[in-house]
Amino acid sequence: MGSEPTIDFHGVYAALTTPASIMVSQPMSAVLLIAEPGMTDDPPVRTLVERLSRTHTVETCLPCEAQACAERIQPVLTLRIDAPPGQPAEHAGPQDPKHAPAHHAPETTQHKTTDQDASAAILNALGLAACMVSPEGVVVSSSRALTALEPGLRARVIDVARRAACEPGRLPLSVDVHSPDESRCLEVSIHPAVQPAEPAAAGPGPGQPGTGAGWAVALVALIAHDVTALRRTQSKLAAIDRAGDELVRLDRELVKKMHAADRLRVLEQKIVRYAHDLLHFDHFAIRLTDDRSGKLDLIMCQGLPPAAMEVQLYAQPSGNGISGYVAATGRSYVCHDTSKDPRYVIGIDLARSSLTIPLRLSDRVIGVFNVESTRPNNFTEEDRQFGEKFATYVALALHILDLLVVERCATGQAVSGNVEGELSEPLDDIAQMAARLKLALTAAGPATDPATLRAIDRIALDVDSIRRRVKDVAAGPATIFGADRLLAESAIDPVIAGKRVLVADDDPRIRQVIRDVLRARGADVVICEDGSTAVAALSGTGGAGGPAVSSGAPGQERPLEPLVSLPRPFDMLISDIRLPDKSGYEVFSAARQANADLPVILMTGFGYDPHHSIVRASQEGLSCVLFKPFQAERLIEEVHKALGAAQG
């Protein structure tokens, strides 16, 4: 039947039918399995056929059909399965003499050598790094793949085999063996084969599975698979999981002390560190999608030049670079060569390849994680898998921070509202009692002490003041504390006097309070109710109906004349982060374009920053952030600092 190896499989197949994957050097080539009737139903044989079928075409035939089958399929390996000794074959046909079962020969040294040669032939044909070890620890057979291992690693594998043979049951059935320099890892599976024991040796080995009274280990087969890449992947995935746990872990005391911008800054530091240490991503950008406009806002980056940071991208499949495509489709994208990819837009200097991954929350894409390299073809499929896992934790961490801010805002407003409701009735009682007392004392005539009447009037004023302050607190971000006191003590401030200040906020009460406090100290204040008007004012293109200033009740400020009559540039910008049409960062950017040194103060309610304007602006020179509700004294203090720094 040719020169292919033909093996009497009885005695060795039980050790080779293992759950481990069988590696072969010639995949999808033919294997001929010659079996006596009924032998193919034996469980170990079925297992072997199943394993071989994954990589080979397996043909099964009776001994009488072997010659014809071999000529037809030209097998690379022929396995012969005979009935165990003493069990007659059923319906066995005529046999080719050269395929006569070896176990019919006398039990001689020559027969044992044949079994050893047979096992080695099977191992070599299947490309397995394996060996057979006797109970005495003697290696009776080993494959070429095992012999080819580097000496240090081979010695460790054989040591495991000897220990497994000499002390059956002491080792687990699967052991990882590393090379001395830790550069390779083999998964070694241990498979004991048992036989009827001599009467004196009967009895199970210590903890030996599958043995019992009357049985003993006759041979231990050891099969080694190179799992270096698999273990490295598992190790890196485990490291990414640990890093992800750190990203989403929030220390209770730390959260209580930090505003949203501080927490986001801490998260950014963690992302930069883990991206570098675990993934070797040194140039990356994270953009979040603005739900209103679809714009991809840059919230944090590492190693990105200013020109790339200014690029405006939207979550659209075309015309918005790779990031826009990924945000729109929700599919990761590996750009192997930026010079040949029409979707690529400007990134890091000399960028040659990139990896862009969607940031997902459940089935919703909230942004993208873009990584770039100066080397072409730098990102592999493995990088994509690792990056996607890491991006999952990044998206979750960002979402948790947003939830914390929303929860803090909602809780603050709810608590303030409850306080206002609880104090309302007692304050009404105090006011009514003061009114009745004053009425009674007034009716008593001239004998009433004037100081007592003034004290009663003071009580009534205090009640009104308490009502007003509780209402301000209940208003949450829609108020500024202590403004009345500052207005009562107003005086020209030499630092603020004469400065032209632009205030942008969609809340008319906030606009009016900031305007009045600053004007009382000599500032020239222009107020805007939306982002577009503020940007127009900064660029000098605003007109009537745009910025409003000075007189009028909140929400009824009269428009100024066209800004062309007010050519003097602004000395400061104070803007809310969330305006109806623009984010605080967009107004901040417009201010920077108008005057790179313009002091800017941003405001936000309870730290709410849906577009992460604070972090982005802080990276570019933001003067200060005020978290509503804040004290009016704090506003004046920060204005002093910002103007002083600009003048210095």
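The values are calculated or read from the model by the stated rules, or taken from the named source; none is laboratory data. Keep in mind that what you see is a predicted model, and the values were worked out from it rather than measured. Cβ placement follows ideal geometry from the backbone for every residue including glycine, while neighbour counts extend to all protein chains displayed. Just so you know, the surface numbers come from the protein's heavy atoms only, side chains and all, with ligands and any DNA or RNA stripped out. Shrake-Rupley method; radii C 1.70, N 1.55, O 1.52, S 1.80 Å.
Relative to the Cα centre, the charge distribution of the range 262-384, modelled as +1 at Lys and Arg Cβ and -1 at Asp and Glu Cβ, gives a dipole magnitude of about 220 debye. Toward the positive end of the charge dipole of the range 307-354, with +1 on the Cβ of Lys and Arg and -1 on the Cβ of Asp and Glu, the farthest Cα among 319, 308, 330 is that of 330.
For the residues 341, 402, 251, a 1.4 Å probe over the protein chains yields an accessible-area ranking, largest first, of 251, 402, 341. Sorted largest first by accessible area at a 1.4 angstrom probe radius, with every protein chain in place, the residues 309, 572 fall in the order 309, 572.
Here the dipole of the range 344-406 is about 40 debye; that uses its Cα centre as origin and unit charges on the Cβ of Lys and Arg (positive) and Asp and Glu (negative).
Placing unit charges on the Cβ atoms of the charged side chains and taking the dipole of the range 428-540 about its Cα centre, the candidate lying farthest along the positive direction among 481, 440, 465 is 440.
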